[in-house]
Amino acid sequence: MDARAQETQVKGTQAGAAGGAGPSSGGAARGAATGAAAPSSAAPSALRRARDGRPGHLAGTRIGGLVRALVARIKAATRLELSPINRRRLDNFRANKRGWWSFWIFLALFVITLFAEFIANDRPLIVWYKGELLSPVLVDYPEEKFGGFLAVTDYRDPVIQDEIEANGWILWPPIRYSYQTVNLELPEPAPARPSWAMDRETRCAPYPKKTEDKNCTIWNWNWLGTDDQGRDVLARVIYGFRLSALFGLILTALSSVIGVIAGAVQGYFGGRIDLFFQRFIELWTSLPQLYILLIVASVLPPGFWVLLGVLLLFSWVSLVGLVRAEFLRGRNLDYIRAARALGLPDWKIMLKHLLPNAMVATITMLPFILSGSLVTLTALDFLGLGLPPGSPSLGELLAQGKANLHAWWLVSTAFVTIAVMLSLLVFTGEAVRDALDPRKSFGGNDRERP
């Protein structure tokens, strides 16, 4: 009995140890079940580790990491990092709501007019003809491609339109006139009134099928009428805005570069160089600009670059005095003297240490120089001394309005376009001037000063 009792006690002790120190057999069973389940739950994690260790998965992970690192570097490189002063200047520019919105409106109008060929054109954007996709707005196709015999295709011809629509379809721009397209379906002699000022019977009278004609639609309207040659005024305004803006921007950029270089050389070196340049500028500005334009126009054929070159001869002097004064003031400052003592070359001192200070005043004047360039171009075109005849010029539109006082849409359209363009530039210039004002950039606004 004693031996049997000792054997029973040993078996119970072993069962309790296997069950995890439990006095009952239920605890032992649960412990055994838990111990048996542990390997099965550890199996998925082991499989996952084995899968992650495969070469393909490692390569994918590395590629993903490289892509994320590359994207982060691109974002860091394109992020505009501004100093506290420039950030305050940008905030001052945004605070001027009139100038801020004027800048974005002018920029939006300029960007839109850059795609004038896709907005106002007498050529379709896309033509699908006999299973072939064509783009007449980009490529000149001869008329023989559509069954004709002319070298240039007139897509406004009803015969060509019927041929294309019988074998495909046409996608037109919103305005079906270019700046030099003559409208042959005018209901009255040119200059004709805007189409919205006429009734439907009057608008459709020149078409063969009158009001039932497929071309007598709103897409063929002359929204701002026509000029004295039957050309659409709205199309000429769109192209004229782009031409004037590009001319003014190029002239302003080139004249600013030349003026900054000349003023920097004068102000930094001073002495005889400054004296010589000042006398030369006085003589150069005393030349009659209008007579020189007349002489050049009589010798050279009129053109965009010819006019730009002639105006550039005189417009570069507008910034010379301003930049010269900034360089004269800064060349004797302590940090400039220290740069000279360290042996820095003159061009590096001028470019890295003096020019940034002079650019504040220069940038302030740029919008006003741009507006002056636009006024000069408009005035010369009005006098007939500017761009070649037929160019989409706002000054030429003003001249037509003066010659046709009964056509109120000519002079009113030109006046409103020029007034809006110059107003946007002037408002932008005022905002830039206030943003770069040292009193606001360094010491807050004027109210905070005693």
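The values are calculated or read from the model by the stated rules, or taken from the named source; none is laboratory data. Just so it is clear, the structure is predicted and the values come from calculations on it, not from any experiment. We place every Cβ from the backbone using ideal geometry, glycine too, and count neighbours over all the protein chains shown.
So that you can scan it fast, the table gives a plain yes or no per residue for (1) closer than 27 Å to residue 430 by Cβ; (2) free of Cβ contacts under 8 Å to residues at least 12 places away in the same chain; (3) assigned to a helix (DSSP H, G or I); (4) more than 33 Å from the chain's Cα centre (by Cα):
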site	(1), (2), (3), (4)
332	no, yes, no, yes
343	no, yes, no, yes
352	no, yes, yes, no
361	yes, no, yes, no
386	no, no, no, no
392	no, no, no, no
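Selection over region 138-170 of residues that are surrounded by 11 or more Cβ atoms within 10 Å (Cβ to Cβ), modelled with pLDDT under 90 and among the small types (Gly, Ala, Ser) gives a count of 2.
Restricting the search to helices (runs of 4 or more DSSP H) fully inside region 80-175 and requiring at least 2 residues that are within 30 Å of residue 429 (Cα to Cα) and out of contact with any helix residue (DSSP H, G or I) (no Cβ under 7 Å at 6 or more places or on another chain) gives 84-95, 97-114. Of the residues making up region 268-285, one or more are surrounded by 12 or more Cβ atoms within 10 Å (Cβ to Cβ), touching a Lys or Arg at 6+ places or on another chain (Cβ under 7 Å) and either assigned by TED's automatic domain parsing to the domain that holds residue 351 or among the polar types (S, T, N, Q) (or both). Against the conditions (1) closer than 17 Å to residue 380 by Cα; (2) in contact with a Leu (Cβ under 9 Å, 6 or more places away or on another chain), residue 323 satisfies every one except (1).
Return yes or no: is residue 308 aliphatic (A, V, I, L, M), in a helix (DSSP H, G or I) and buried (at least 16 other Cβ atoms within 10 Å of the Cβ)? Yes.
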